[in-house]
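Trainee: Dumping the structure here so I can ask a few things about it.
The values are calculated or read from the model by the stated rules, or taken from the named source; none is laboratory data. Note that this is a predicted model, so its numbers are computed, not measured. Positions of Cβ are backbone-derived with ideal geometry, glycine not excepted, and every protein chain shown enters the neighbour counts.
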Amino acid sequence: MTTETGQRETRRQADRSRETRRKLLEATVECLVERGWAGTTTTLVAERAGVSRGAQLHHFRTRGELVAAAVEHLGAESVSDLRERARRVDGGTPGERIGAVVALIADFYASDLFTAALELWVAARTDPELKTVVVPLEARLGRETHRLAVELLGADEARPGVRETVQATLDLVRGLALANQLTDDGRRRDRIVRHWSHVLEALLEGRAP
């Protein structure tokens, strides 16, 4: 009985720890989007998350660690959401599916994930310590997003030029997301996404666009 009680308490502590961590990560992303890197302090994050400063330091020793973990957490959730939304895309023609998938990827990059990550990238440019955290994080997110795009588009990277075409698609929608940071660029983004979807279909099929 004593052993069972101890195990239950251990599980409860682990659950509380995971919940505290989740609150901190979500509060960090909210602060990054609303206040930017300069306004995202560990004190403010702890207050917004409703946890003690000690609890925050227990999970994350520095602001860089906290923010990088938050962006990675949001990235994982966003990728999972993107995959689930893509599953619900109606069959239609190959061209219609490619258009729907490219639109989903464009929306993915126009989300809070990109805004939070952008704040981190800009700060890391002149902060060597933060840069050591951000560069591998960006590499992991980049690889995962590329793999997901290949999967959703049904692209055959064994064919010459296909890998570069998929990457060009990701670079394009990331640039569109950047243009959307200061003003609502939705209409122009929609036009470009539709046009690129037709070009992409031809390129993936080995035809001249």
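Trainee: Kindly list, by first and then second residue, each pair from a residue in region 112-136 that is assigned to a helix (DSSP H, G or I) to a residue that is among the aromatic types (Phe, Trp, Tyr) and at pLDDT 85 or above, limited to pairs with Cβ atoms under 6 Å and residues at least 6 apart or on different chains.
Mentor: Listed pairs, sorted by first residue: Glu119/Trp37; Ala123/Trp37.
Trainee: Among the residues of region 172-186, write down those that are of a type outside the set (Ser, Thr, Tyr) and in a loop (DSSP other than H, G, I, E, B).
Mentor: Asn180, Gln181, Leu182, Asp184, Asp185 - these are the residues of region 172-186 that are of a type outside the set (Ser, Thr, Tyr) and in a loop (DSSP other than H, G, I, E, B).
Trainee: Let me ask you something else. Of the residues that make up region 64-78, is at least one outside any helix (DSSP H, G or I) and without any contact (Cβ under 8 Å) to a residue 24 or more places away in the chain?
Mentor: Within region 64-78, not a single residue is outside any helix (DSSP H, G or I) and without any contact (Cβ under 8 Å) to a residue 24 or more places away in the chain.
Trainee: Does Arg22 count as modelled with pLDDT under 90, out of contact with any strand residue (DSSP E or B) (no Cβ under 9 Å at 6 or more places or on another chain) and among the basic types (Lys, Arg)?
Mentor: It is false that Arg22 is modelled with pLDDT under 90, out of contact with any strand residue (DSSP E or B) (no Cβ under 9 Å at 6 or more places or on another chain) and among the basic types (Lys, Arg).
Trainee: Any residue that is at pLDDT below 85 and within 30 Å of Trp37 (Cβ to Cβ) - is there at least one of those in region 147-161?
Mentor: Among the residues of region 147-161, not one is at pLDDT below 85 and within 30 Å of Trp37 (Cβ to Cβ), which makes the answer no.
Trainee: Would you check if Arg22 is more than 20 Å from Leu178 (Cα to Cα) and in contact with an Asp or Glu (Cβ under 9 Å, 6 or more places away or on another chain)?
Mentor: No; evaluated as a whole, the condition is false for this residue.
Trainee: Scanning region 149-166 for residues that are among the small types (Gly, Ala, Ser) and assigned to a loop (DSSP other than H, G, I, E, B), which turns out surrounded by the most Cβ atoms within 10 Å (Cβ to Cβ)?
Mentor: Ala155
Trainee: Kindly evaluate Glu47 against the criterion of being more than 22 Å from Ala110 (Cβ to Cβ), charged (D, E, K, R) and part of a helix (DSSP H, G or I).
Mentor: yes
Trainee: Restricting to region 79-94, name every residue that is in a helix (DSSP H, G or I), more than 19 Å from Thr115 (Cα to Cα) and in contact with a helix residue (DSSP H, G or I) (Cβ under 8 Å, 6 or more places away or on another chain).
Mentor: Arg83, Arg85, Ala86, Pro94
Trainee: A further question follows. Within region 10-30, is even one residue free of Cβ contacts under 8 Å to residues at least 12 places away in the same chain, outside any helix (DSSP H, G or I) and over 19 Å from Glu77 (Cα atoms)?
Mentor: The answer is no; no qualifying residue exists.
Trainee: Which condition from (1) β-branched (Val, Ile, Thr); (2) over 16 Å from the mean Cα position of the chain (by Cα); (3) assigned to a helix (DSSP H, G or I) is the one that Val33 breaks?
Mentor: All conditions are met except number (2).
Trainee: Inside region 105-164, can you point out the residues that are among the β-branched types (Val, Ile, Thr) and either farther than 24 Å from Arg189 by Cα or under 14 Å from the mean Cα position of the chain (by Cα) (or both)?
Mentor: Ile105, Thr115, Thr126, Thr132, Val133, Val134, Val135, Thr145
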